[in-house]
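Okay, structure first, notes after.
The values are calculated or read from the model by the stated rules, or taken from the named source; none is laboratory data. Treat the numbers as computed from the prediction; the structure is a model and nothing was measured. With ideal geometry, Cβ positions are generated from the backbone for all residues, glycine too; neighbour counts draw on all protein chains shown.
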Amino acid sequence: MKIDEEYFNSEEFQEILENYKASINVGSNPFMDADDLVDLADYYSWQGDDEQAERAIDYALELYPNSTLPNVFKARKALAEEDYAQAEFYAGEIENHDDPDYHYLLAEIMIAEGDIEKADEYLHAYGKQVGPDEYEDYVRDCANLYIDYDESEKAYEWMMRSRGDDSDDFKELMARALFGIGKYKDSERIFNELIDHHPYSKQYWNALASAQLMNEDYSNAITSSEFAIAIDPDDPDAVSQKASGLLRLGNYEEAQKYYRKYCELVPDDEYGFLHQGVCLVNMNRNEEALPVLRTALALAPEDSPFLAQVYQELAFCYGALHQVKQAMEMLDKTETLDCDHVDMLVIRGHILLQNKQVNKAEEAFKMAIMKSQNAPNVLLRIIVSLYDNRYVQASYQMLLKFFEMVHEYYPDFHSGYAYMALCCYDLGLADEFMKYLRLAVVNDPHEAQGVLNCLFPEGTPVNDYVPYMEQRLKN
């Protein structure tokens, strides 16, 4: 559901809101239009005041029991709780079957139940009854419906049926559809246009930051989130997106501060505590990380998308504290979860190697290689684990063989050169270091920055790594 923030801030709505509040405060219910009461319910939902939202919508149904929008509101709330029978009940209460919102609701119930194609057929069939003057709005409403359920491919299909225009509504829908299908740069361009029209919209600044994060443009994502924070310092989305950008850039200390603020704003969300823990683990502050990660685990429901990562970070934490048994118990708990089980085997091997249990580590690594069918990314992660545990010479020798294999069997795999450069640096092999540094910068600049930034002054662009090091070696 698209929230009309601009309308909620308008004088017209604020007058409706104040009159409604005044009546409620003296214990009476004002006589109002159904649409106004639904707007009030939407407003209170947007503000997170579910009790007042429910009061407004129940009053609307008391006055207009068969009206469309109050029943749609109730039905959508039931869908959010996966109570499909209740949603169908409210759909059945709607009297005006010529109202497009009635048909949108029937289609939405199908989408919520997973019948995407059935919903699409229904919307196409109903669309034939829509007049030419109204068809453009109908197309966009259908796209918006799919956007609400993260069915971006369908949303994009419907948007492409639109003639398009320069309206902000059209641009926003297109930007969100493009974001959903992974066209982040195009989405970013449109959100920038929207911000030109609405420079104080935190919604658009947050959307821009999201597109930039997905496009791995972390510095600009941080800047965009800072504009949203300037508009609303307590906006959880803006705070978490700034934290994410800082985390991706390796600025763990600052990221941890913003994740901590996010936890203060949304104290019942495991996401914030998990990522606070990630930052602390990366700063080797494992004793501090442990209670934070335990809080994340306590908050996470059984179907949390972050549950496997919580167990993984707890395993890292216990491993660093040499509590191997507890670390293995955490990884055991991921075996029944929907996650990358090969990745968990690599982590198991890493923690065992970290704690000098070399034979057990070797077993875990062999199992990971076998299950992945010698996938190069898995082999590289194992080599990196050896390096992290200071088996530098072994890492160097394995990387030499690794590059021979990928050149022959995986010519499109271009990662690993930065780690080889790091091995050569540690081993004092200056010529080889420069050879692999050049290869790293050309083939995988993102990896080069993440792995080798410790060798350069803070903020050095990747493209300057080679000339900087050439000058340093010359001197």
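Points worth noting:
- Any hit, segment 237-250, residues being assigned to a helix (DSSP H, G or I) and without any contact (Cβ under 8 Å) to a residue 12 or more places away in the chain: no
- If you filter segment 326-363 down to residues that are more than 27 Å from the chain's Cα centre (by Cα) and assigned to a loop (DSSP other than H, G, I, E, B), you find that the one that is surrounded by the fewest Cβ atoms within 10 Å (Cβ to Cβ) is 356.
- Conditions (1) within 29 Å of residue 132 (Cα to Cα); (2) touching a residue at least 12 places away in the same chain (Cβ under 8 Å); (3) among the acidic types (Asp, Glu); number of the one not met by residue 188: (1)
- Test set (1) in contact (Cβ under 8 Å) with a residue 24 or more places away in the chain; (2) part of a helix (DSSP H, G or I) - residue 234 fails condition number: (2)
- Against the list (1) farther than 24 Å from residue 442 by Cα; (2) part of a helix (DSSP H, G or I), the condition residue 381 fails is (1).
- Flag if residue 387 is assigned to a helix (DSSP H, G or I), over 25 Å from residue 347 (Cα atoms) and among the hydroxyl-bearing types (Ser, Thr, Tyr): no
- Any hit, segment 415-429, residues being out of contact with any Phe, Trp or Tyr (no Cβ under 9 Å at 6 or more places or on another chain) and at pLDDT 95 or above: yes
- Here residue 457 clears all of (1) within 23 Å of residue 345 (Cβ to Cβ); (2) outside any helix (DSSP H, G or I) except the condition numbered (1).
- Answer residue from segment 153-193, given it is assigned to a loop (DSSP other than H, G, I, E, B) and modelled with pLDDT of 95 or more and is farthest from residue 217 (Cα to Cα) among those: 181
- Flag for residue 464 being without any contact (Cβ under 8 Å) to a residue 24 or more places away in the chain and more than 26 Å from residue 249 (Cβ to Cβ): no
- Number of positions in segment 199-223 that are farther than 26 Å from residue 283 by Cα, in a helix (DSSP H, G or I) and of a type in the set (Gly, Ala, Ser): 2
- Hey, residue 7 hydroxyl-bearing (Ser, Thr, Tyr) and surrounded by 16 or more Cβ atoms within 10 Å (Cβ to Cβ) or not: no
- Residue list for segment 328-360, restricted to those being more than 20 Å from residue 309 (Cα to Cα) and without any contact (Cβ under 8 Å) to a residue 24 or more places away in the chain: 356, 358, 359, 360
- Meets criteria (buried (at least 17 other Cβ atoms within 10 Å of the Cβ), of a type in the set (A, V, I, L, M, F, W, C), assigned to a helix (DSSP H, G or I) and in contact with a Gly (Cβ under 8 Å, 6 or more places away or on another chain)) for residue 279: no
- Qualifying residue in segment 406-416 (condition: under 15 Å from residue 387 (Cβ atoms) and surrounded by 15 or more Cβ atoms within 10 Å (Cβ to Cβ)): yes
- Scanning segment 63-92 for residues being buried (at least 17 other Cβ atoms within 10 Å of the Cβ) and more than 36 Å from the chain's Cα centre (by Cα) gives a total of 2.
- So residue 303, is it of a type in the set (Asp, Glu), within 26 Å of residue 290 (Cβ to Cβ) and at pLDDT 95 or above: no
- So residue 120, is it surrounded by fewer than 17 Cβ atoms within 10 Å (Cβ to Cβ) and among the charged types (D, E, K, R): no
- When we screen 271, 318, 258 for residues that are assigned to a helix (DSSP H, G or I), within 22 Å of residue 238 (Cβ to Cβ), touching a Lys or Arg at 6+ places or on another chain (Cβ under 9 Å) and among the aromatic types (Phe, Trp, Tyr), the only hit is 258.
- Residue within segment 99-113 that is surrounded by 20 or more Cβ atoms within 10 Å (Cβ to Cβ), farther than 29 Å from residue 60 by Cβ and in contact with an Asp or Glu (Cβ under 8 Å, 6 or more places away or on another chain) present: no
- Some residue of segment 194-215 being basic (Lys, Arg), modelled with pLDDT under 95 and surrounded by fewer than 24 Cβ atoms within 10 Å (Cβ to Cβ): yes
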